[in-house]
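Trainee: To start, I am sharing the structure in question, which I have written as structure tokens.
The values are calculated or read from the model by the stated rules, or taken from the named source; none is laboratory data. A quick note: this is a predicted structure, and the numbers were derived from the prediction, not measured. Heads up, the Cβs are rebuilt from the backbone with ideal geometry, glycines too, and the neighbour counts pull from every protein chain shown.
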């Protein structure tokens with residue numbers, strides 16, 4: 001133990017705590033330290049400004065450490081104080097807004113709604129993102145009364161929040177958007193493999209961050225491999241279960257699943273897409289959005305014998321055009337992915353900086 | 001063989017006419033910039049085993065009304081300087097810097113990203129040049145930086161799917177930002193996490209299964225240097 005471990009009041013701080021909040025250290029890749037016991041209590045005092053641990057503190061790391069270590073009303077209160085404090089940096093406030101989605105939902109929703117008119121559009125967008133994850137039907141009215149965001153991104157996140165809440169809760173709100181786009185030819189088909197049992201449980205355990213308020217089906221999921229470089233995982237809503245696949249998705253609009261990106265090097269997963277389904281007279285409308293609110297894929301599932309046949313296409317957001325096909329019965333779900341091998345959508349390059 | 005500054009600038013950096021040492025030789029566009037590296041040594045280094053970097057400021061406006069301040073921009077330059085010194089230990093240099101910006105109204109929320117957002121960012125944007133793309137964002141919610149997760153390093157074809165660049169946020173000190181840049185670009189060049197906290201690829205010191213680095217993670221081995229030199233991003237001698 002060195003004198004670096006002694007705080008301003010003479011209190012001694014653990015090595016684990018100091019490592020988790022140091023501004024001179026970072027974990028690679030994922031940097032989401034988890035603390036226990038007295039360390040969490042010490043951390044709360046540091047974040048409240050009641051203790052100075054005597055080291056250079058990275059408050060973003062400290063906020064993340066608190067959120068990953070304790071989900072409580074008290075932790076939510078501390079996060080809200082940081083979120084609403086203009087004296088904190090945008091970086092720290094953004095993470096506080098983000099992390100509120102990991103707190104008890106009632107406290108988190110109230111805190112987020114109190115900050116939905118934050119003066120920073122960057123912070124505001126993060127508040128909307130978190131509301132999309134934990135908000136309930138009662139947030140919809142509040143969100144509808146908000147002044148229009150000034151930036152396109154904040155507007156998108158607000159729209160996604162309304163949609164996610166509406167689809168999750170079944171409340172009326174903005175519906176899914178349809179943006180069908182015809183695609184070209186030359187497709188390569190990738191099998192979407194079902195994943196079950198221990199393998200699926202490992203993927204679920206590797207999941208970092210919010211699940212947008214839904215429980216995940218522990219029995220059935222899918223692995224989607226597009227070549228060697230990217231593996232995605234489709235997690236189904238726990239309400240979408242074998243024996244009632246069709247009945248469940250046709251019972252009402254819902255977040256039917258989440259698609260995560262698997263970081264193969266460290267076997268960690270973060271959510272990249274939301275799968276939103278709406279029953280229609282014809283069958284089922286399906287929209288897949290990125291977590292920033294961009295609609296990525298749209299399609300529908302139509303009756304086919306005793307099941308439904310699904311066809312989805314990207315809307316041009318992905319650089320490589322993709323079509324997803326599938327067939328569902330109450331007992332079985334099969335998916336395949338067709339990737340267009342033609343010329344990809346060009347990347348954007350920004351602008352040169354001329355000083 | 002010694003060559004003049006003007007010749008080196010022309011052959012290695014493609015600049016001619018009146019040459020600004022800071023801007024054209026080092027690639028530092030925001031002044032002032034304190035350096036200890038001599039021009040002669042720098043020119044000698046960049047002639048072999050060099051990479052170029054294309055550094056994006058995400059959500060940046062020329063009058064600094066966007067996501068970054070002048071001090072932030074200088075931190076990025078300093079980080080490059082640190083990376084240059086760390087890589088020089090194994091004979092790898094950073095030759096050319098391409099500075100680019102993504103305007104605020106085109107940033108699409110990429111100012112604040114997690115691992116997936118970092119992938120989305122590099123899939124949406126890339127530098128129109130042979131530099132390894134390095135994106136500075138305001139906030140990475142779940143890390144300090146993200147780079148290619150592939151053991152063999154990142155691709156040189158920036159149109160490939162997946163993460164085609166490194167994504168960083170500014171750290172608490174200029175020097176540590178440089179260590180982090182060396183770490184993440186090191187991943188892109190094929191380096192993997194290690195077991196020595198004094199190495200740029202760090203070690204898992206708290207046994208949580210995740211490696212750490214700190215500002216003392218500045219070492220680099222000859223073997224790591226060889227890995228870096230075998231990556232497709234290494235430029236031809238000039």
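Trainee: All but one of (1) over 16 Å from the mean Cα position of the chain (by Cα); (2) closer than 19 Å to residue A:349 by Cβ; (3) surrounded by fewer than 24 Cβ atoms within 10 Å (Cβ to Cβ) hold for residue B:113; state the number of the condition that does not hold.
Mentor: Unmet for residue B:113, out of (1) over 16 Å from the mean Cα position of the chain (by Cα); (2) closer than 19 Å to residue A:349 by Cβ; (3) surrounded by fewer than 24 Cβ atoms within 10 Å (Cβ to Cβ): (3).
Trainee: Further question on the same structure: Among A:164, A:118, which is the only one that is crowded, with 24+ Cβ neighbours inside 10 Å and either under 18 Å from the mean Cα position of the chain (by Cα) or assigned to a loop (DSSP other than H, G, I, E, B) (or both)?
Mentor: A:164
Trainee: Can you confirm whether residue B:66 is part of a loop (DSSP other than H, G, I, E, B) and at positive phi?
Mentor: no
Trainee: State yes or no: is residue B:86 away from chain A (no Cβ under 13 Å), within 12 Å of the chain's Cα centre (by Cα) and either assigned to a helix (DSSP H, G or I) or more than 21 Å from residue B:190 (Cα to Cα) (or both)?
Mentor: So residue B:86 fits the description; yes.
Trainee: Kindly indicate whether any position in region A:291-299 is more than 14 Å from chain B (Cβ to nearest Cβ) and farther than 28 Å from residue A:161 by Cα.
Mentor: no
Trainee: Could you check how many residues of region B:180-216 are under 12 Å from the mean Cα position of the chain (by Cα) and farther than 17 Å from residue A:19 by Cα?
Mentor: Total meeting the criteria: 9.
Trainee: In region B:190-213, what count of residues is obtained for those that are within 11 Å of another protein chain (Cβ to nearest Cβ), outside any loop (DSSP other than H, G, I, E, B) and surrounded by 20 or more Cβ atoms within 10 Å (Cβ to Cβ)?
Mentor: 3
Trainee: Then there's this: Just one of the numbered conditions (1) facing chain A (nearest Cβ under 9 Å); (2) closer than 18 Å to residue A:32 by Cα; (3) touching a residue at least 12 places away in the same chain (Cβ under 8 Å) is not true of residue B:167; which one?
Mentor: Of the numbered conditions (1) facing chain A (nearest Cβ under 9 Å); (2) closer than 18 Å to residue A:32 by Cα; (3) touching a residue at least 12 places away in the same chain (Cβ under 8 Å), the odd one out for residue B:167 is (1).
Trainee: Being in contact with a helix residue (DSSP H, G or I) (Cβ under 7 Å, 6 or more places away or on another chain) and either within 14 Å of chain A (Cβ to nearest Cβ) or not in a helix (DSSP H, G or I) (or both) is the filter here, so list the residues in region B:4-25 that pass it.
Mentor: Across region B:4-25, the qualifying residues are B:15, B:16, B:19, B:24.
Here's the yes/no breakdown for (1) within 14 Å of chain B (Cβ to nearest Cβ); (2) out of contact with any helix residue (DSSP H, G or I) (no Cβ under 6 Å at 6 or more places or on another chain); (3) at pLDDT 90 or above; (4) closer than 25 Å to residue B:108 by Cβ:
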| position | (1), (2), (3), (4) |
| --- | --- |
| A:99 | yes, no, yes, yes |
| A:107 | no, no, yes, no |
| A:112 | no, no, yes, yes |
| A:145 | no, yes, no, no |
| A:148 | no, yes, no, yes |
| A:177 | no, yes, no, yes |
| A:186 | no, yes, no, no |
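Trainee: Name every residue in region B:118-138 that is at the interface with another protein chain (Cβ under 7 Å from one of its Cβ atoms), closer than 24 Å to residue A:295 by Cβ and either touching a strand residue (DSSP E or B) at 6+ places or on another chain (Cβ under 9 Å) or surrounded by fewer than 22 Cβ atoms within 10 Å (Cβ to Cβ) (or both), in order of residue number.
Mentor: Of everything in region B:118-138, those that are at the interface with another protein chain (Cβ under 7 Å from one of its Cβ atoms), closer than 24 Å to residue A:295 by Cβ and either touching a strand residue (DSSP E or B) at 6+ places or on another chain (Cβ under 9 Å) or surrounded by fewer than 22 Cβ atoms within 10 Å (Cβ to Cβ) (or both) turn out to be B:119, B:120, B:124, B:125, B:126.
Trainee: Same structure again: Would you mention how many residues in region B:108-125 are more than 20 Å from residue A:232 (Cβ to Cβ) and touching a residue at least 40 places away in the same chain (Cβ under 8 Å)?
Mentor: 2
Trainee: When you check residue A:259 against the structure, is it buried (at least 18 other Cβ atoms within 10 Å of the Cβ), closer than 18 Å to residue A:190 by Cα, within 10 Å of another protein chain (Cβ to nearest Cβ) and over 24 Å from the mean Cα position of the chain (by Cα), yes or no?
Mentor: So residue A:259 does not fit the description; no.
Trainee: Please give the number of the condition residue B:65 fails out of (1) buried (at least 23 other Cβ atoms within 10 Å of the Cβ); (2) more than 30 Å from residue B:39 (Cβ to Cβ).
Mentor: (1)
Trainee: Now a separate question. Answer with yes or no whether residue A:265 is free of Cβ contacts under 8 Å to residues at least 24 places away in the same chain, surrounded by fewer than 23 Cβ atoms within 10 Å (Cβ to Cβ), within 14 Å of another protein chain (Cβ to nearest Cβ) and within 27 Å of residue B:150 (Cα to Cα).
Mentor: Here the answer is no, as residue A:265 does not meet what is asked.
Trainee: Confirm whether residue B:147 is touching a strand residue (DSSP E or B) at 6+ places or on another chain (Cβ under 6 Å), modelled with pLDDT under 95, within 30 Å of residue B:237 (Cβ to Cβ) and more than 7 Å from chain A (Cβ to nearest Cβ).
Mentor: yes
Trainee: With respect to residue A:351, is the statement that it is within 14 Å of chain B (Cβ to nearest Cβ), free of Cβ contacts under 8 Å to residues at least 12 places away in the same chain and surrounded by fewer than 22 Cβ atoms within 10 Å (Cβ to Cβ) true?
Mentor: yes
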